[in-house]
Amino acid sequence: MAQALRKQEHGLDGITAFGIFAVSAMLLFYALEDHGPGFILAFAAACGLASAYGFLQGAWPFGVVEAIWSIIAVARWRKRISK
């Protein structure tokens, strides 16, 4: 049992890998937003993935905040494409 816990402590499980991917995508697409509206929409999608990660991980406040960021990013994307 202790060996299994130690393995989990130092290993990278699927949920953690998913979270790293989602948050890294958020960072990348946020940095590229000035290059076009598609990156804003990609940022919104990455926020949605990060929200899912938060709920899967059991950190529901993180999931809620990321869902809100996703909604805000979609609104920003809509505003940007309507110019």
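Report which label in (i) 1.33; (ii) 1.10; (iii) 1.03 holds the value of Cα Rg over 2.2 N^0.38 Å derived from the coordinates of this structure.
(i)
With charges set only on the Cβ (+1 for Lys and Arg, -1 for Asp and Glu), what does the dipole of the chain come to about its Cα centre, in debye to the nearest 20? Can you show the working numbers first?
Working: 7 positive and 5 negative charges, 59 e Å.
Computed about the Cα centre, the dipole is about 280 debye.
Modelling each spin label as a point 7 Å along the Cα-to-Cβ direction, I'd like the Leu12/Trp60 distance in nm, to one decimal.
So the label points at Leu12 and Trp60 sit 3.0 nm apart.
For the chain, take the longest principal axis of its alpha carbons; what is the angle in degrees between that and the long axis of helix 14-31, to the nearest 10 within 0 to 90?
Computed tilt is about 30 degrees.
Helix 37-57 versus the longest principal axis of the chain: what is the Cα-based angle in degrees, 0 to 90, to the nearest 10?
Orientation of helix 37-57: about 30 degrees from the principal axis.
Readers should treat all values here as calculations from the given coordinates under stated rules, not as data from a laboratory. This is a predicted model, so every value here is computed, not measured. Reconstructed Cβ throughout: ideal geometry from the backbone, glycine too, with neighbour counts over all protein chains shown.
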